[in-house]
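Structure, as structure tokens:
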Amino acid sequence: MNTTACYERILGIICSVFDAYSAVLVMPERSGNQFAVASSFSLGDMVNKDETFSAGTGKGLVGWIINNESPMLVNDFDTRQYNLGYYKQNEETKIKAFMGVPLKNGAGVLCLDSKRQYSFSSKDQKILQLFADLVYEVYSRAFVVEEQVNLAQQYHCLKVIYSLRKHLKKWDSFLSKFLVLLSDTSGFEYCSLATRDEAGQNYHVEGENYQLLQGDMGEIPYGSGLVGWVFKNSMPFFVEGGKEASQTSPLYGKKKGIPNFVSVICIPLEIGGMTRGVLTLASEEPKVIPEELKGFCQMASEHLSLFLENLYLRSKLYEAHRQVDDLQRAAAYEYENESNFSFSSKTHEGE
């Protein structure tokens, strides 16, 4: 039985035990900034499963329980005084009693209501709290399993990236595979690498997992956008969504056609003691960015840095060889001219 079916089963049992009208489970969305109806069981069909509740506002009884992490019991429910917010249309006006308890560690609220006044007692509230603890156990185990799956996927991705470095010697081929792998494993739909020019005046997007800039890989002023900020400050940047996202600069400054990414990870790539690249993961949906994901992105970026550093050293070595060759050619040319001049002078003296 999957987690959603398990929640529904528990809510059905709760409704039966308390002879209630509806049992509703409200839990955090992935962003962590809002709560939503995660599951419900009702004798009617008027529960709004798309309803959300903003954390911090305290709006309605559900919002109050979320913010205060305390139970609530109302046996003479009056819509002029109270609000639930999880029903469609005017169904809430038929509710006469409400009881709600918080899940542990801010994991949500378990709600129960009835069309009969004085349906619940303080003893019922204690029993409902036991059911809430059961729901939390289901949630915790599902979360642990999900994290284990994510860690396994990330470990496998790092192994694949390591093998790519060995087998794909061409930079373009490696970068293309790398960005697709990183996007698939992290769950962020967009992934790119930006690199700066040698003078540090501009940077450009060197690769993407899909063509976002529509082939426009031209130079971007060094400090422009969020990526430019990471270049200048040599610091990683993480935003999960919510209010922080609305205050975040666009990825590439004034570049047109860039979606409104609300979740972003930017990792600076240091080569030779200087930030020469920025690895970016972005999503139009709010994303939770746990420490494990940050660590995974950091390790992946280090693999990319090693490949870039090898290319950088090779280019420097090539440049040094070219300069030596130029010097040798110049010296040979100068020697040849001096020899010709000397021979010509001796010939004139003989005459």
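Of note:
- From the list 39, 22, the lone residue that is at pLDDT 95 or above and either surrounded by 14 or more Cβ atoms within 10 Å (Cβ to Cβ) or of a type in the set (Asp, Glu) (or both) is 22.
- Condition check for residue 244: modelled with pLDDT under 85 and surrounded by fewer than 20 Cβ atoms within 10 Å (Cβ to Cβ): yes
- Residue that is surrounded by 14 or more Cβ atoms within 10 Å (Cβ to Cβ), assigned to a helix (DSSP H, G or I) and of a type in the set (A, V, I, L, M), where the choices are 293, 281, 269: 293
- Residue within the range 80-91 that is at pLDDT 95 or above and of a type in the set (A, V, I, L, M) present: no
- Unique match (being closer than 25 Å to residue 140 by Cα, over 29 Å from the mean Cα position of the chain (by Cα) and not assigned by TED's automatic domain parsing to the domain that holds residue 285) among 104, 88, 49, 126: 126
- Some residue of the range 189-197 being without any contact (Cβ under 8 Å) to a residue 40 or more places away in the chain and surrounded by 13 or more Cβ atoms within 10 Å (Cβ to Cβ): no
- Residue list for the range 48-68, filter: surrounded by fewer than 20 Cβ atoms within 10 Å (Cβ to Cβ) and either polar (S, T, N, Q) or modelled with pLDDT of 90 or more (or both): 48, 52, 54, 57, 64, 67, 68
- Taking the criterion of being under 21 Å from residue 287 (Cα atoms) and of a type in the set (Gly, Ala, Ser), the residues of the range 158-212 that qualify are 183, 186, 187, 192.
- Of all residue pairs spaced 6 or more apart or on separate chains, those with beta-carbon atoms under 6 Å, a first member in the range 143-162 that is part of a helix (DSSP H, G or I) and surrounded by 12 or more Cβ atoms within 10 Å (Cβ to Cβ) and a second member that is at pLDDT 75 or above and among the aromatic types (Phe, Trp, Tyr) are 154/296.
- Residues in the range 180-204 that are of a type in the set (Ser, Thr, Tyr) and touching an Asp or Glu at 6+ places or on another chain (Cβ under 9 Å): 183, 190, 192, 195, 203.
- Test for residue 158: is it within 23 Å of the chain's Cα centre (by Cα), among the aliphatic types (A, V, I, L, M) and in the same structural domain as residue 284 (by TED's automatic domain parsing): no
The values are calculated or read from the model by the stated rules, or taken from the named source; none is laboratory data. Owing to the predicted nature of the structure, the values given are computational and were not obtained by experimental measurement. Note: ideal-geometry Cβ built from the backbone for every residue, glycine included; neighbour counts use all protein chains shown.
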